[in-house]
Each structure stands twice: as C-alpha cells, then as structure tokens.
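Here the structure is laid out as structure tokens; the discussion comes afterwards.
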Amino acid sequence: MVKIGIIADTACDLTNELCEKHNIERIPFYVNVNGKEYLSGKDITVEELFKFSRENKSIPKTSQITIVEFTKKFKEYLEKYDEIIYIGLSSKFSGTFNNARLAKMELDTDKVHIVDSMNLSSGIGLLLLRACKYRDMGKSALEIVKEVERCVPLVRTQFAINTLDFLHWGGRCSGTAHLFGGILRIKPIVRVVDGGMMVAKKPIGKFEKALKVMLDMVRADIDNIDPDNIMITHCLADDDAQYLKKEVSEMIKGANINETFADVIVSAHCGPRTIGILYILEK
C-alpha cells in the first residue's frame, strides 16, 4: 500500500492530540514580536501575543512559510512517505499557499499534492480530518485530493468576535467602524466565504447574544451537517466553549464535537474570547 503523508501549517488549529492520532504533520509560521522571531504553535503563547498587542496597540507581524522552507520540508517528508498532500491556509489570506505550489514546481515531482483550503483555523482542520479518513480507507492520493476539493465549498466557518480592537489594529476594521462598533457594543459574526472573511451578522449587546445568533446559524443548517467532526474553536473562551458544546450536542445527537484552540496566527487578528462553530455540510 502506498504510504500517504497528510501535511498542514499551524493555521489549521488542530490540537496536538488530534494531529498525533491522525498522523498529521504541521509546518509552523514565524511570528515577530519586538524584533524576535518565534515559531507558531511552539515558542509563543496566545496570552503573550495578546499582552504585546494591548501594550503596543498593534498585532505582531507574521511571516509566510517560504519556498525554501517548503522545499526542505517536502523533501524531508518524501523520505517518510511515498506521496504527500499539503492542505494549507486560504490563498486569499496568505501567500503561503502559492509558496507551497512553487516549491512543488521546484521539486518537479508528481508525488506532492497541494490543496487550497479556501479557509482558516479548524476549517482547514476539518478538511485535514476528511483527508485522513479517505487515506485510512485506502484511497489513492489523487482520489483524496479530489474528495477534499469537493468538500472545500461545503465547509462552514463562523466566529463570534468579542472585541474589534484586534481587527482594527490589523487593518481589517476602519477607525470609524471601530469607534461606532465599540459605542454600539457590536459583536460581529464573521464567516469565511469563497476563501475570504465577511461580516455575516452584527449582534448588539452582550457577547452571549452573539453566541445565540451563531447557534441559530447552525440550526439553519442542521439537516445538512456532517456529524463526524464539528469544531468549537476559540481564543481563551473556555466557558463559552462548554456552553456551545452542550448546545450543539443537544442539537445534533451523536455528533463528534472537538474543542480546539486558535493558535497565534488566527488569534492575532481576532482577539480574546473569539469563538467559532465549524462543520462540513453533507451536500
């Protein structure tokens, strides 16, 4: 049987336990804080990142994974696997996907397969777990890629954001929107659509209201949700995560619900208490 390696970057926000269980390799991004570089998922915590942002009213710079790094990693993984599939951060969020594609071209091999998740966070993670499922069923790399690409537009990613500060500091929210959003206590629900982010809802008031709005969005899809893997992904929102897990488990009986934690790449732009519900539609 052909040995197939499933590879991601640390923007996938899968836990170490899930990656170990499903044998998923991850390549880290670099995060620059006060002139010092850290590896995401390893050298810097979300708490440390938020402390920097609050003190400097800005978000740290993150670096794309370079062509050189991808080339090195792909060569390394091809020593362990017959073929490898890389599923990475949306090409509309970062040039990292294109660097992976260029690294494959440089290696001039048909043993490396590159898939654009058109997503972020555990939206990528859902596709990785689907790829692992097909790999474990004995499908070929090309069959896995075809099935995963079919699932890309079926992924639903939505996050409730508690503070607009980090979107503002990262240039994704204008000064005027930041000011009036704060005055009106807007807690936006952000969705990933066609590989980019858009504001889907603008609940006003307490953050708990935003959580209920997000649950209503799940109810609208309830008859079409694949229960194999549903993600509750968050930045320092433990109590909210428990609440959402309970509500979703009652809503979708027998669903496999994973709690995962946003790494610094996603957290840097969203801020503390951001939380999302992510899943794949069956059709």
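The values are calculated or read from the model by the stated rules, or taken from the named source; none is laboratory data. Only a predicted model underlies this, so the values are computations on that prediction, with no experimental measurement involved. Neighbour counts are summed over all protein chains in view; Cβ atoms, including those assigned to glycine, are modelled from backbone coordinates with ideal geometry. Accessible surface is based on the protein model in full, side chains and every heavy atom, while ligands, DNA and RNA are left aside. Shrake-Rupley method; radii C 1.70, N 1.55, O 1.52, S 1.80 Å.
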Margin query: How long are the semi-axes of the equivalent ellipsoid of the chain, defined as square roots of 5 times the Cα gyration tensor eigenvalues? Whole Å, largest first.
Written below: 31, 24, 15
Check: Using a basic spin-label model with each label point 7 Å from the Cα along Cα→Cβ, how many nm lie between residue 146 and residue 105?
Finding: 2.6
Note to self: Within the chain, what whole-number % of the accessible surface is contributed by carbon and sulfur, with the 1.4 Å probe and all protein chains included in the calculation?
What the structure shows: 50
Notebook entry, point to check: For the range 194-241, what are the per-bin percents of Cα-Cα distances with bins 10 Å wide, up to the bin holding the maximum?
Noted result: 19, 47, 32, 1
Check: Just how large is the dipole of the chain about the Cα centre, in debye to the nearest 20, putting +1 at every Lys and Arg Cβ and -1 at every Asp and Glu Cβ?
Finding: 780
Item checked: Total charge dipole magnitude, the range 20-77, about the Cα centre, Cβ charges on Lys, Arg, Asp, Glu only, Debye to nearest 20 -> 120
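Based on Cα coordinates alone, diagonalise the gyration tensor for the range 106-169, multiply each eigenvalue by 5, take square roots, and list the semi-axes in whole Å, largest first.
Sorted largest first and rounded, they come to 30, 16, 9 Å.
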Next item on the list: Mind grabbing the accessible area of residue 102 for me, 1.4 Å probe, Å², rounded to tens?
Entry: 60
Note to self: Cα atoms only: what Rg and Dmax, in Å, come out for the range 214-262?
What the structure shows: 10.5, 30
Note to self: I need the calculated FRET efficiency for the pair residue 43 and residue 238, taking r as the beta carbon distance and R₀ as 22 Å, to the nearest 0.05.
What the structure shows: 0.45
Next item on the list: Identify, among 199, 45, 265, the residue whose Cα sits farthest towards the positive end of the charge dipole of the chain, taking +1 on the Cβ of Lys and Arg and -1 on the Cβ of Asp and Glu, with the dipole about the Cα centre.
Entry: 199
Item checked: Stretch gain in nm, segment residue 185-residue 253, where the contour uses 0.36 nm per residue and the Cα spacing is subtracted -> 21.1 nm
Next item on the list: Rounded, prolate or oblate: pick one for the range 51-158, where a ≥ b ≥ c are the square roots of the eigenvalues of its C-alpha gyration tensor, a/c under 1.5 means rounded, and failing that, prolate if a/b is larger than b/c, else oblate.
Entry: oblate
Check: What do you get for Rg/Rh of the range 194-283 when both radii come from the Cα atoms and Rh is the Kirkwood radius?
Finding: 0.94
Check: For the range 1-106, what class follows from the C-alpha gyration tensor (a ≥ b ≥ c being the square roots of its eigenvalues): rounded when a/c is under 1.5, otherwise prolate if a/b is larger than b/c, else oblate?
Finding: prolate
Checklist line | Residue (of 91, 140, 112) at the positive-pole extreme of the range 71-155, dipole from beta-carbon charges | finding: 91
Next item on the list: Measure up 92/201; 51/73; 61/209; 61/245 against 24 Å on the Cα-Cα distance and list the ones that go over.
Entry: 51/73; 61/209; 61/245
Check: Using unit Cβ charges (K, R positive; D, E negative) and no other charged atoms, how large, in debye to the nearest 20, is the dipole of the range 1-120 about its Cα centre?
Finding: 300
Checklist line | Span-rule helices in the chain, defined as complete DSSP H runs reaching 24 Å or more along the axis (Cα) with Kyte mean at least 0.0 | finding: none
Check: Contour minus end-to-end for residue 202 and residue 21, with contour as 0.36 nm per residue of separation and end-to-end as the Cα-Cα distance?
Finding: 61.4 nm
Notebook entry, point to check: Can you tell which of 225, 204, 65 shows the greatest fluctuation in a Gaussian network model of the chain with Cα springs below 10 Å?
Noted result: 204
Next item on the list: For the chain, with a Gaussian network of springs between Cα atoms less than 10 Å apart, report the residue from 125, 41, 88 with the top mean-square fluctuation.
Entry: 41
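So, for the range 25-135, what is the accessible surface per residue at a probe of 1.4 Å, expressed in square angstrom?
Each residue of the range 25-135 exposes 47 Å² on average to a 1.4 Å probe.
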